[in-house]
Every structure is written in structure tokens, then in C-alpha cells.
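Novice: Following this message is one structure expressed as C-alpha cells.
The values are calculated or read from the model by the stated rules, or taken from the named source; none is laboratory data. The structure displayed is predicted, hence computed values, not measured ones. Because the Cβ atoms are built from the backbone with ideal geometry, glycine has one as well, and the counts that use them run over all protein chains shown. When the accessible area is computed, the model is the full protein with side chains, heavy atoms only, and any ligands, DNA or RNA have been set aside. Shrake-Rupley method; radii C 1.70, N 1.55, O 1.52, S 1.80 Å.
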Amino acid sequence: MRKPVIAGNWKMYKTQAETRAFLAEFLPLVAESRDAEIVLAPPFTALAAAVDAARGSAVTIAAQDLHWEPEGAFTGEISARMLVETGCRGVIIGHSERRQYFHETDETVARKVRAALDAGLRPIVCLGETLPEREQGLTEQVLERQFRGGLGALTPGDFSSILLAYEPVWAIGTGRTATPQLAAAAHAFLRGLASASFGGDKAASARILYGGSVKPGNIRGLMAEEEIDGALVGGASLDPASMAAIVNFREG
Ligand code: PGA
């Protein structure tokens, strides 16, 4: 059984004070939740506040990015060991907004994944096609390129420490969710790639989250698919009640 993971990607939202206020409201709403691992990814500046506010709860904290070098003259960047020091346990890598606006490539994704694993952080690695790519029938080609380029150098042991997130770019922040069937087909394709690279057992236990306009109203349909092991939630993770409703999807 793969335990679902519900992760919130806050993007460039929430100050430290807003982070503490969110957790004060959110934690009681998920105190009885046992069905999913819960992860929140605030901006760098609110990581330590989030770790502090979530202490003693089942919620773990992740960052949204990192640099692959341990330290150096890289103005504005944050390394894995700096993240570890805040108490955060994971890091999102290769989000489509980073690929689109900050020129991330499969190669930088691979370096970041390596650096995160070496520091003991769990990477949440995002992949997904754009609308033109889907319309041209290139979805599988793009996923395969991103998978091999970002994860190809990992060992099977490394692979079992990561989470994958399938995030079709056309569904992010657009209100246009992939249908559960369409998402499940992409997940099955990714699991096949995982099996070819890392073996059937590792592929069978890999958790693949879906991301793109996940809301309280569509999470149940998505989670009903055997292939979908959780969600990476953007906009709907900013509100404590809506994020809690997604976490508690089995009760909805
Ligand atoms: P969204 O974002 O839920 O606001 O579509 C998802 C994501 O970017 O991870």
C-alpha cells in the first residue's frame, strides 16, 4: 500500500506571521488525519517559522527550491545544508514555474536532486507537459525526457527516497484540472519508466502525486484512481480550511 501524500506548494505567498496564523488554524483540522502524509512548502523566509509552528504535529515542512552547491558565490541562492538547518525535511525540485521563468533544465534538476538526497532532504520532483506539447501528442516524449534527464543518474535506492509530481503545465493555476483518467494514464506511463530504470519493486512503491488545480471538490475523484498517490496543491493550499478538506478527502 502506498500511503498518499498531500503537499501544499505556497509559491511566493505568506509571511512568517501569516504562516503561523495558517498553522494555528490548520493543525486542529488535521489532528485526527491518518490517511495521508501532510507536507507544506512555504517560501524560504517562512521555513523556520513553519517548522516551529508544526512541531509535534504530523505536518512536515519542505522548501520550494535549492541550489546544488553546498556554498559559494551564488548571490540569492540557498543550499541544501541551509535548508536542513531550518528543520525542513524535503524540497520541491523542477516545478514548471522554475523551468518556465527561471530557466531550469533537466540538468539542473538532476544536480538539485543529487544535492538534496546527499543532504538527507526528500526531493519532490515535478514533471509535466505544456499545452502545445500535449496538443502535438508529445506528452510521453516530454515526460520521458524529463524523467531520464532529471532522474536517470540515480540508483534504485536513491529513487525510493523521492516523490514524483506529475503536473501538466496547462492545469496549473488555470482552474483546468486534468481528468482523473488522463492523470492516471500519465502516472502509469511514469511508473513504467521507473520500472525500466529502477526495477518493478521500486516502481510499484514509488509515490506519484498529481498537481494542477487540485481543490476540495475534485480531490476524491483523483484519489479514486489507483495510480494517483496524492496531490501537490498550489492555490487551494493557501487557505487552512480548503487544504484540510483536501487532506481529509476520505471524509468528504
Ligand atoms: P495550482 O498549483 O494547484 O494552483 O494549480 C499547483 C502547483 O503549481 O503545484
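Novice: Along the Cα→Cβ direction, 7 angstrom out, place labels at LYS215 and ASP52. What is the inter-label distance in nm?
Specialist: Going from the LYS215 label point to the ASP52 one covers 3.6 nm.
Novice: Check which residues have an amide H placed less than 5 Å from HIS67's amide H, if you skip close sequence neighbours.
Specialist: ILE78, SER79, ALA80
Novice: Can you run phi through the Karplus equation (6.51, -1.76, 1.60; θ = phi - 60°) for region 100-105 and list ³J(HN,Hα) in whole Hz, with x for Gly and Pro?
Specialist: Karplus-based 3J(HN,Hα) across region 100-105 equals 6, 9, 10, 6, 6, 10 Hz.
Novice: On to the next question. Tell me, what HN-Hα J-couplings in whole Hz come from the Karplus equation 6.51 cos²θ - 1.76 cosθ + 1.60 at θ = phi - 60° for each residue of region 78-88, using x for Gly and Pro?
Specialist: Each residue's phi maps through the Karplus curve to give 10, 9, 4, 5, 5, 5, 4, 5, 6, x, 6 Hz.
Novice: In region 55-149, which chymotrypsin sites (Phe, Trp or Tyr not before Pro) are in a loop and have at most 15 other Cβ atoms within 10 Å, using DSSP for the loop call? Provide the component values of the computation, followed by the final result.
Specialist: Values: sites: TRP68, PHE74, TYR101, PHE102, PHE147; in loops: TRP68, PHE74, PHE102.
Counting only loop positions with at most 15 other Cβ atoms within 10 Å, the chymotrypsin sites (Phe, Trp or Tyr not before Pro) in region 55-149 are PHE74, PHE102.
Novice: Over region 5-251, with the other protein chains present, what is the accessible area per residue in square angstrom, probe 1.4 angstrom?
Specialist: Counting only protein heavy atoms, the per-residue value for region 5-251 is 44 Å².
Novice: Based on the Kirkwood radius over alpha-carbon pairs, what is the Stokes-Einstein translational diffusion coefficient of the chain at 4 °C with 1.567 mPa s viscosity, in µm²/s? Working shown, then result.
Specialist: Values: Rh = 18.0 Å.
This corresponds to a translational diffusion coefficient of 72 µm²/s.
Novice: What distance in nm lies between label points placed 7 Å from Cα along the C-beta direction at ARG2 and ALA224?
Specialist: For the pair ARG2/ALA224, the computed spacing is 1.9 nm.
Novice: Quick check: Cα centre of region 94-123 to Cα centre of region 3-75, how many Å?
Specialist: So the two Cα centres are separated by 18 Å.
Novice: Given the DSSP H assignment, sum -39500 (n - 2.57) over each helix run of at least 4 residues in the chain and divide by its residue total; what's the result at 222 nm in deg cm²/dmol, nearest 500?
Specialist: Working: 12 runs with 109 residues, N = 252.
Calculated from helices alone, the mean residue ellipticity at 222 nm is -12500 deg cm²/dmol.
Novice: Let me ask something else. Pop out the carbon and sulfur fraction of the accessible area of region 5-251 as a percent, whole number, probe 1.4 Å.
Specialist: Numbers: 5700 of 10850 Å².
Using a 1.4 Å probe with all protein chains present, region 5-251 comes out at 53 percent carbon and sulfur.
Novice: Related question: GluC sites (Glu not before Pro), restricted to region 42-151: which are DSSP loop and have at most 13 other Cβ atoms within 10 Å?
Specialist: Listed in order of number, the matching sites are GLU71.
Novice: Note down the magnitude of the dipole of the chain about its Cα centre, charges +1 on Lys and Arg C-beta and -1 on Asp and Glu C-beta and zero elsewhere, to the nearest 20 debye.
Specialist: About 260 debye.
Novice: Given H placed on each backbone N at 1.01 Å, which residues far from GLU104 in sequence or on other chains put an amide H within less than 5 Å of it?
Specialist: Under 5 Å from the amide H of GLU104 lie the amide H atoms of ARG99, each far enough along the sequence or on another chain.
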